[in-house]
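The values are calculated or read from the model by the stated rules, or taken from the named source; none is laboratory data. Computed from a predicted structure; not experimentally measured. Methodologically, a virtual Cβ is constructed for each residue, glycine included, from the backbone with ideal geometry; neighbour enumeration extends over all protein chains shown. Accessible surface is based on the protein model in full, side chains and every heavy atom, while ligands, DNA and RNA are left aside. Shrake-Rupley method; radii C 1.70, N 1.55, O 1.52, S 1.80 Å.
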Amino acid sequence: MWAKAELSLTDLKPGDTAEVISIRKGKRAQMRLLELGITPGTRITVVAAHPLRGPVVVRVGMLEVALGWGLASSVRVRRSSQAGHL
Amino acid sequence: MELATSYGVTNPVRLPRTIALVGQPNVGKSVVMNALTGTRAFVSNYPGTTVELTEGTLVFGEKRIKVIDTPGTYSLHSDTEDQRVTQRVLLEGGVDLIINVIDAANLARNLYLTLQLLDLGIPLVVALNQVDRAKAAGLEIDAKKLEDILGVPVVPVVATKCEGLRELVSSIWRGRVGKPIRFSDQVEEVIGHLEREIEKVVPEVRGRRRSHAPRALAIHLMEHDRVDEDLFEAYPELRALVERLQRQVGAGAVCSRCYRSCAFCPARDEEHPSFPTCLERTAQARAIASQVTSVRATRTMPGALRGRTVEDLLDTPTAGLVITGLTAYFSYKVVVLVMDLFDRLVTIATSPLLQWITSLAGHFPEGSFAGLFLTSLPEGLVLPFSVVFPAMFTIYMLMGFLEDTGLLPRIAVTLHRVTSFLGVPGQAVVPLILGFGCRAPAVLATRSLPDRRSRFIVSTLLSMAVPCAASLAIITGVSQVFDVNLLVVYGVVAAVFTGTGVILGRLFRGEGEFVLEVPPLRWPSFSNVWRKSRVRMSGFFLHVLPLLMGVSVILRYLVSGGYLSFLSALGPVTSRLFGVRGEVFAAVAMTVVQRYLAPMVLLNLPLSPREATIAVSMVSLSMPCTPVSVLLVKEMGWRTAIFILILALGVSLGVGLALNLVLP
C-alpha cells in the first residue's frame, strides 16, 4: 500500500492513480476544473506529463483533460490503489 | 397535427416555437442539428467547433419550428466568450424548449449542465447521444430510470447514424419543466431568501412573460463570480437588488448563512471552496449517473477500456512532438505537391485558350477597354485556378482531417510550452491553424480562448502575421514571376510572428491557467471532411475568383492609364528608405481590402528580384483585410481594432526598412 501522504499532481508519474484532496488555487481555477469534472474527491489517472514544466494530462472517467503545470502543481492529491483493484 | 400523429404523438400539446440545442462541448450538438434541420453546421472533433449560433428550421407540414444550435458550454457559469453566447440565448428568454444533448459516455459531467437547465424552468428534453460509444465501453444506461429521476423525456440517440432522431422529434411534445434538484438545507435557505427578494422586484408578468424561475435567477446570482451584465440586460430590475444587497452585506449585515461566495459579497475569499451549489450539484450529478449506469462487461475498469492503449501512447510527450512535426511536414509537402501538379495541368490545359485570347487582344487598339480586359484576363483567370484553388482546397482538406481526428487538441497540449512564451495557452494553436485557411473564422474561433488577453494576442497575430490560404498561394505564385527569395519572405514572417507574440506576451502579462479537454481519437469521416471543404471553398468562387479577376482588370487599367504615376513621385523617398518604387505602396494599401490582392499590384510593376523580395515581404506582413477588420471591431471593439491596424502597418513599414538595410 502507498502511504497516504499528500502530494501534488505534478509529483505523480504516468499510470499513477490518485484522489484529489483539494485545489489550492483561486476560485476561477477551481471552477474551471469543476466544469471538467475535477473536484475534491475525484479519482484521476495520470496519462502523460510533458517535460520542462509542460502540461499534465489526466483521465477523469472516460475523459482526458490537460492541465498547465502551474495549475497541476496546485492540485493536492492522495495516491490510491490502482484502478483495477477497486 | 396530422404529422404529429405520424410521429407517434397521440395527444399533441402546445408546439414550441423556438428550440435551443444546448450541451457541453464536443457532445455532438451540431450533428443533431444537421440531422434535425438539414443545416450544414460544421462538425469536428474538438471542443469549441461551434462558436456562433446557427439557426435552422424543423418543418412539420404547416408548422415551422426555429432550432438554434449553440456553442458547447460546460455549465451556465462558464467563462469563455463562446460559452457565454449560449448563456445569453438562455437568458434572453426567447427559447420555449431546450434539447439538452448529453454524451452517454461521460454522463456524470454532462448531467451537471442538465441539472442547471432544470433550474431554469424552461421545458426540457434530453437527447442521450453516443450511446453506441458508451456501449462499446461496457456502459449501459437506463434511459427510463434517468427520465424518472429528471422528470423530463430522455431519448437515446446515435446522431451520427441518425438513430433515435424520430423518437427525439416526437418527444418534443413531451418536453417538460422537470424536477430541479434540492440542495442541502443550508444552501436552500440562502436560495430561498434570494428567491423571495427576486420575486419582490421582478414581477410575474412583465412586458413579456418572465422566462425564468426566480429560483434559477437566485442560483445564477450566487454562482457568478462577477456580477453578470448579461443578466442585468435581461432583468434590469435585478441591478438595484444586487446593489442593495451588496450595501447591506458591506455594512456588516451578513446573511445568516454566509458562504462568502455570492456575486454581491465583498467578503469573497479566493481560498474559499468553490460555490457550495456547484459542489453539491457535482455530487448529485455523479450520484444520478451511477444510479442509472450499469457496467456491463467484466473487464471495464477505466484503465482497460478498448482503444485506450492507443490513446495513451499518442498522449505521451514524445508522440505529441512526432505527431506535431509530421503533421506540419506532411501538410507542407502535400500543399506543395498539389500546387505543383495543378500549375502544370492548368498551364497545359489553358495555354491554347490563352494564346487565342492574347491574339484576339492584338486586334483591338492599344489602350481600349476590350484590349485591356483581354490582356488582363489570363492572369485573372489562370492564377486563381493554377495556384489559389489547389492551395485553398488542399489546406481545407488537410484541416478537415485534422479537425476530425482529435489531433488538434493534442497538438495544442504539446505546444503549450511553446505558446506560453507568446503569453497564450496551448489551445491558441487551434485558431492559428484555422487562420491558414481563412483568417475571418479564425478570429471568431478565438472566442474559445479563456481570457480577453489571449484573444487579443492571437487576434493580433492572426491579423498581421498569419497568411491565409489564398494569400499564401498568390504570394508563392507572384514570387515565382519575380524570382523572389521566398526563404527571406517566410523567414521574416516567422520572425515577426514570434517577435510580436513574445513582446505582446511580456507587455500584457496574465495568470491564464491552461485547462483543455482532450477528446477521444476518431477516424475522420471522408464525407464530413469533403463537405466541410466544399462549404469553405464556396468562398473561392464567391469572393476570391471574382475579386482577383475584377481587380486584375482594374489594376491593368490604372497602371496603363498612368493613374498610379502620382505614387512614382514618391520614388526617390521610398527607394531610399525601403528600396522599392512608390507604386509598391499601392500594394501595401491594398492589403486593407484583401491581402491576396496585394501581390496582384506587384504583378503589374517591373520589379527587380531584390525589390520584389522586399515588396512581397511588406505585403505578406500587413494590415488585416476588410472582413477580418470588421470582425475585430465586433469582437474586440474599435480601439483594439485600430491598434492592430496601426501596429500592422507599422510592422509592414519596419520590415521594408530593415530588409532594405540588410539585403545585399
Practice task
Filter the range B:517-538 down to residues that are open to solvent by less than 20 Å² (accessible area, probe 1.4 Å) and not in a loop (DSSP other than H, G, I, E, B), then give me how many there are.
Solution key: 6
Completion exercise
The residue that is nearest to the chain's Cα centre (by Cα), considering only those in the range B:50-69 that are over 20 Å from residue B:23 (Cβ atoms) and of a type in the set (D, E, K, R), is B:64
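Would you confirm, using the coordinates I've provided, whether residue B:273 is modelled with pLDDT under 55 and in contact with a strand residue (DSSP E or B) (Cβ under 7 Å, 6 or more places away or on another chain)?
Numbers: modelled with pLDDT under 55: yes; in contact with a strand residue (DSSP E or B) (Cβ under 7 Å, 6 or more places away or on another chain): no.
So residue B:273 does not fit the description; no.
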Handout entry: Qualifying position, being within 11 Å of chain A (Cβ to nearest Cβ), at negative phi, without any contact (Cβ under 8 Å) to a residue 24 or more places away in the chain and out of contact with any strand residue (DSSP E or B) (no Cβ under 7 Å at 6 or more places or on another chain), among B:429, B:418
Key = B:418
Completion exercise
How many residues of the range B:170-182 are open to solvent by less than 10 Å² (accessible area, probe 1.4 Å) and either modelled with pLDDT of 90 or more or not aliphatic (A, V, I, L, M) (or both)? The answer is 1
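Is it the case, given these coordinates, that residue B:553 is touching a helix residue (DSSP H, G or I) at 6+ places or on another chain (Cβ under 7 Å) and at pLDDT 90 or above?
Numbers: touching a helix residue (DSSP H, G or I) at 6+ places or on another chain (Cβ under 7 Å): yes; at pLDDT 90 or above: no.
Answer is no for this residue.
For the range A:10-34, enumerate the residues that are of a type in the set (A, V, I, L, M) and more than 8 Å from chain B (Cβ to nearest Cβ).
Applying the first criterion (of a type in the set (A, V, I, L, M)) to the range A:10-34 yields A:12, A:18, A:20-21, A:23, A:29, A:31, A:33-34.
Once the filter is applied, which keeps residues that are of a type in the set (A, V, I, L, M) and more than 8 Å from chain B (Cβ to nearest Cβ), the range A:10-34 yields A:12, A:18, A:20, A:21, A:23.
Just checking, how many residues over the range B:552-571 are open to solvent by less than 60 Å² (accessible area, probe 1.4 Å) and touching a residue at least 60 places away in the same chain (Cβ under 8 Å)? I'd like the intermediate steps shown before the answer.
Narrowing the range B:552-571 to residues open to solvent by less than 60 Å² (accessible area, probe 1.4 Å): B:552-553, B:555, B:558-559, B:561-562, B:564, B:567-568, B:571.
Retained after the next criterion (residues that are touching a residue at least 60 places away in the same chain (Cβ under 8 Å)): B:552-553, B:555, B:561.
Total satisfying the criteria: 4.
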Problem - Sole residue being among the charged types (D, E, K, R), in a helix (DSSP H, G or I), more than 14 Å from every other protein chain (Cβ to nearest Cβ) and surrounded by fewer than 20 Cβ atoms within 10 Å (Cβ to Cβ), chosen from B:88, B:64, B:40 - result: B:88
